[in-house]
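Report on one structure; see the data block that follows.
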Amino acid sequence: MTSRLQNTLRASRLFTTAIGATAFAVFVAGPSHADEAAAPAAGDASTLRVCAAEKELPYSASDKSGFENKIAEALADAMGRKPVFVWSEKPAIYAVRDQLDKKLCDVVVGVDTGDERVLTSRAYYRAPYVFVQRKDSPLDIKTWDSPDLAKAAPIGFVRGSPAEVMITKHDLYNDSINYVSSLTNFKDKRNSYTRIPPDRMVAEVADKTAGAAAAFAPEVARYVKGNPDLKMTVIPDDNVRSDGEPVPHHFDQSFAVRKDDKTLLSAIDAALPKAKEKIEAILKEEGIPYVAPAPRT
């Protein structure tokens, strides 16, 4: 809900798609609402109030089919609490500002570890960027330095993401930017949050409209797994810009709480070992390549 959150901001979630969390404050949407008639009060130790987007698959959906909805349920179970989702019509990039900080809910799933806006739990997995290709593609693309990358144009990517930085570095931007703009039907990004539908990006690799895509694995894994003609390759986390500055491609993911909610954070950290097996099973079922989180310092 959230490597969208900081991967651009938070990075994600921008490096990835959240680059406009502050710039796009003009976005208008309805209020948050809980999935029960009477939402529990803040501080109710029998429940876990989870901030969640109503329509942001594969992360979250009001029918609880998002993999981060399932991860929240696994955490709540390990804590001995009942999960209560507080739904918002807004994208998850607004969850901290418009839900968590306003105390409408108490925890956000999938925030980059160390996000300065919040307190973050121990990481429960490390989310990588991946290349998406057809299995029958003759192109051998495993890193940004792969010679075949230049033959894949157009390449799908999210603007503002690590992929855009590397595509620009390798002089492939002009070959793909018009195609990338078409993925949002050339929607004007000014004063609005524009998300490339991950299922569309994946589908257009499958039908050969694009030669490849470079994307955040949690966003596309479900759709790659669902298509037997496709494969994902984890991009190594050793990339640098033209000036030598690192360009992170792997992001530790945590649960986030308000900065003054240390008690809840401690309870989450205590429950994570109990939830670990279920969380990893959810990630496996989703098709997300598992990368162990960096050791906590």
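Evaluate the stretch 151-297: find the radius of gyration of its Cα atoms, find its Kirkwood radius, and give the ratio Rg to Rh.
Numbers: Rg = 17.9 Å, Rh = 17.6 Å.
That ratio is 1.02, to two decimals.
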Report task. Over the stretch 193-297, with every protein chain in place, what whole percent of the accessible area is carbon and sulfur at 1.4 Å, could you tell me? Result -> 53 percent
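Take the solvent-accessible surface of the protein heavy atoms, probe 1.4 Å, and return the percent of it on the stretch 49-93 that carbon and sulfur atoms account for. Can you show the working numbers first?
Values: 560 of 1370 Å².
The nonpolar share, carbon plus sulfur, comes to 41 percent.
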Query - Distance from the stretch 107-142 to the stretch 64-84 (C-alpha centre basis), Å - result: 20 Å
Report task. Using a 1.4 angstrom probe, figure out how much accessible area the stretch 125-220 has per residue, in square angstrom, rounded to the nearest whole. Result -> 42 Å²
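Once Rh for the stretch 86-129 is found with the Kirkwood sum over Cα pairs, what is the Stokes-Einstein diffusion coefficient at 4 °C and 1.567 mPa s, in µm²/s? Write down the numbers at each step before the final one.
Numbers: Rh = 11.5 Å.
Answer, rounded: 113 µm²/s.
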**Report entry** At most 12 other Cβ within 10 Å, DSSP loop - trypsin sites (Lys or Arg not before Pro), the stretch 87-148
**Finding:** Lys102, Lys135
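The values are calculated or read from the model by the stated rules, or taken from the named source; none is laboratory data. Model, not experiment: these values are computed from the prediction. Note that we place each Cβ from the backbone using ideal geometry, even for glycine, and neighbour counts take in every protein chain shown. We work out accessible area using only protein heavy atoms, side chains counted, and drop any ligands, DNA or RNA first. Shrake-Rupley method; radii C 1.70, N 1.55, O 1.52, S 1.80 Å.
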